Amino acid sequence: MPAKFDNSFARLGPEFGTRQMPLPLANATLIHLNQALAEALALPQEAVQQMVLGEPLPPGCEPLAMVYAGHQFGGFSPQLGDGRGLLLGEWCTAGNRWDLHLKGAGRTPYSRFGDGRAVLRSSLREYLGSAAMQGLGIPTTQALALAGSRQTVMRERAEPGATLLRVTRCHIRFGHFEYFFYQNQQPLLEKLVNYCASRYLAQGQYSPDDTRANARALLALATRSTAKLIAHWQATGFAHGVMNTDNMSLIGETFDFGPYGFLDDFEPGFICNHSDDQGRYAFDRQAAIGLWNLNALAHSLSGLIAIDDIKTELAHYQHTLSETYYTLMMGKLGLKAQANETQQALLQDLLTLLAANRTDYTGFFRALSESAEQARDLITDRPGALQWLERYSACCNQAAVPERETYMRARNPKFILRNYLAQQAIESAEAGDFSMLEDLFTVLSAPYDEHPGHSALAKPPAAHQKHLPVSCSS
Ligand code: AMP
Ligand code: MG
């Protein structure tokens, strides 16, 4: 089948969203295009450009704003929706259907008090954040292109406006199911369940005539994929920042990049979102919040799944998360993953040591992939470091993988998107210089490689560059 646009979600009916055309920014121009991704999707560059600029849309696109609900910071908002984004259409390649979503496309019926716009600052953060996740091998929505304009958007100050073209197989959030459940619209909820089941369940799991089986299989999919995703976040040192149920993807991708942050120093209680006063979405609470969110999803499906079956499905969460996390962390240490108490204690004690010394998380693991000495030098408590390294060396004698250093360098990135670097890229971009964006895009797309010419981009922040404030929607 030749690739083409389709609009299967739009065909579900008017209860699922509002059809609307983008309102392009004045004199917008392309800032960056993810060529490798466009090629992988066999999407012509011209079509990508048209979509990110919002006009003229390629033939076959029928844009719409989706409606959904969500638990935001624990409180339920019965109606949210795409307030500044539009699902432009679905790009169908052999075997896959890719949602194309334009963020910053103008006001919609779900904009509430917002202006429907996105600023360059937050769009650039999403663009680089999703490239970084993709480069790290963590499930994520991807960004295909970024456009900017001199047309300003009012926030705390007037800022340049931007649009971002996002692509993923799935724009369905936990909050989509909550919307129909709390509206008491059971037939529409069932329609959504069957639609998602036909699109996202593995072959053989979708039952055309059994909505209840589909609901349970979707809960199983969300549970396992969310558990794996959060294990990746914890192993990499990524804090999402706004894990509201409207920002949770049904298929477990990193979704809706807002005030996210990668850890610099290893601080378990790190809160990346300046507006999160209570620390609800602190780094070390993400695992618990993932389960809280899955409970909210399960509740909205409780008319279709027996309570014991819900419990059975949700019970897989903790186990999947721990197993994935442990496997990833043993990989970072270059050890064979066995359920071995000595190795678990070694890992736990390392994390305690890194936290007590406020050691750079990414830097430490990369250094350990080079030599014990380099790792040692990053820890202030030298006797503590030496003691741990001795135990590590003993573990390596027992359980190291072959070619340990090479193996570790493929699992411990040299480059992550540090906040201070994102901030520098934003400031240059606002002044019309996109070279730092280009450089970051290059290293973040292949973060395990050395990129010797770009080593400065691997540096941890200086003290005054830590804890830069980043907050919600912009
Ligand atoms: P977010 O914090 O980006 O996940 O957004 C939460 C909700 O607010 C979603 O329904 C967004 O569509 C909406 N929203 C965020 N920013 C704007 C904006 N500038 N204009 C209109 N709606 C917005
Ligand atoms: Mg959102």
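The values are calculated or read from the model by the stated rules, or taken from the named source; none is laboratory data. The structure displayed is predicted, hence computed values, not measured ones. Cβ atoms come from the backbone with ideal geometry, glycine included; neighbour counts cover every protein chain shown. Note: accessible area is taken over every heavy atom of the protein model, side chains too, but ligands, DNA and RNA are not part of it. Shrake-Rupley method; radii C 1.70, N 1.55, O 1.52, S 1.80 Å.
Within region 130-158, residues that are under 21 Å from residue 24 (Cα atoms) have Cβ atoms under 6 Å from residues that are among the aromatic types (Phe, Trp, Tyr) and open to solvent by less than 10 Å² (accessible area, probe 1.4 Å) in these pairs: 143/127; 146/127, counting only partners at least 6 apart in sequence or on another chain. If you check residue 249 against the conditions, is it surrounded by fewer than 19 Cβ atoms within 10 Å (Cβ to Cβ), among the hydroxyl-bearing types (Ser, Thr, Tyr) and either under 21 Å from residue 323 (Cα atoms) or within 16 Å of ligand 1 (Cβ to nearest atom) (or both)? No.
Within region 305-348, the set of residues being surrounded by fewer than 19 Cβ atoms within 10 Å (Cβ to Cβ) and among the acidic types (Asp, Glu) comprises 308, 309, 323, 341. Of all residues in region 306-313, none satisfies being farther than 22 Å from residue 174 by Cβ and among the aliphatic types (A, V, I, L, M).
Out of everything in region 37-49 that is open to solvent by 40 Å² or more (accessible area, probe 1.4 Å) and not in a loop (DSSP other than H, G, I, E, B), what residue ends up being nearest to ligand 1 (Cβ to nearest atom)? Write out each step before concluding.
As a first pass, look at region 37-49 and keep what is open to solvent by 40 Å² or more (accessible area, probe 1.4 Å): 39-40, 42, 44-46, 49.
Among the residues that remain, those that are also not in a loop (DSSP other than H, G, I, E, B) are: 39-40, 45-46, 49.
Details: 39: 29, 40: 27, 45: 28, 46: 28, 49: 23 Å.
Here the residue is 49.
Within region 411-464, the set of residues being of a type in the set (Asp, Glu) and within 30 Å of residue 334 (Cβ to Cβ) comprises 439, 449, 450. Mind listing just one residue for me: the one in region 112-140 that is open to solvent by 10 Å² or more (accessible area, probe 1.4 Å) and within 14 Å of ligand 2 (Cβ to nearest atom) and, of those, farthest from residue 261 (Cα to Cα)? Looking at the filtered set, the residue picked out is 112.
Tell me, yes or no, whether region 222-240 has at least one residue that is over 17 Å from the mean Cα position of the chain (by Cα) and within 23 Å of residue 96 (Cβ to Cβ). No, that holds for no residue.
The set of residues in region 222-246 that are touching a helix residue (DSSP H, G or I) at 6+ places or on another chain (Cβ under 6 Å), within 16 Å of ligand 1 (Cβ to nearest atom) and under 18 Å from residue 177 (Cα atoms) comprises 243, 245, 246. I'd like to know if region 228-235 contains one or more residues that are assigned to a loop (DSSP other than H, G, I, E, B) and either among the acidic types (Asp, Glu) or at pLDDT 95 or above (or both). Scanning region 228-235, I find no residue that is assigned to a loop (DSSP other than H, G, I, E, B) and either among the acidic types (Asp, Glu) or at pLDDT 95 or above (or both), so the answer is no. For region 242-257, the set of residues classified as part of a loop (DSSP other than H, G, I, E, B) and either more than 11 Å from ligand 2 (Cβ to nearest atom) or in contact with a Ser or Thr (Cβ under 6 Å, 6 or more places away or on another chain) (or both) consists of 250, 251, 252, 253, 255, listed by residue number. Filter region 82-98 down to residues that are within 29 Å of residue 430 (Cα to Cα) and either in contact with a Cys (Cβ under 8 Å, 6 or more places away or on another chain) or within 13 Å of ligand 2 (Cβ to nearest atom) (or both) and give me whichever is most open to solvent (accessible area, probe 1.4 Å). Checked region 82-98; the qualifying residue most open to solvent (accessible area, probe 1.4 Å) is 84.
Tell me which residues, restricted to region 258-288, are aromatic (Phe, Trp, Tyr) and either closer than 17 Å to residue 130 by Cα or assigned to a loop (DSSP other than H, G, I, E, B) (or both).
Kept after step one, since they are aromatic (Phe, Trp, Tyr), are these residues of region 258-288: 260, 262, 266, 270, 281, 283.
Within region 258-288, 260, 262, 266, 270, 281 meet the criteria.
Test residue 184 against the stated conditions and say whether it is without any contact (Cβ under 8 Å) to a residue 60 or more places away in the chain, touching a Ser or Thr at 6+ places or on another chain (Cβ under 9 Å) and either outside any strand (DSSP E or B) or open to solvent by 10 Å² or more (accessible area, probe 1.4 Å) (or both). When the stated conditions are applied, residue 184 does not pass them.
Note on region 64-162: enclosed strands (runs of 3 or more DSSP E) holding 2 or more residues that are within 14 Å of ligand 1 (Cβ to nearest atom) and either of a type in the set (Val, Ile, Thr) or outside the structural domain of residue 35 (by TED's automatic domain parsing) (or both) are 142-154.
With respect to residue 381, is the statement that it is under 22 Å from residue 264 (Cα atoms) and loosely packed, with under 15 Cβ neighbours inside 10 Å true? In short, yes.
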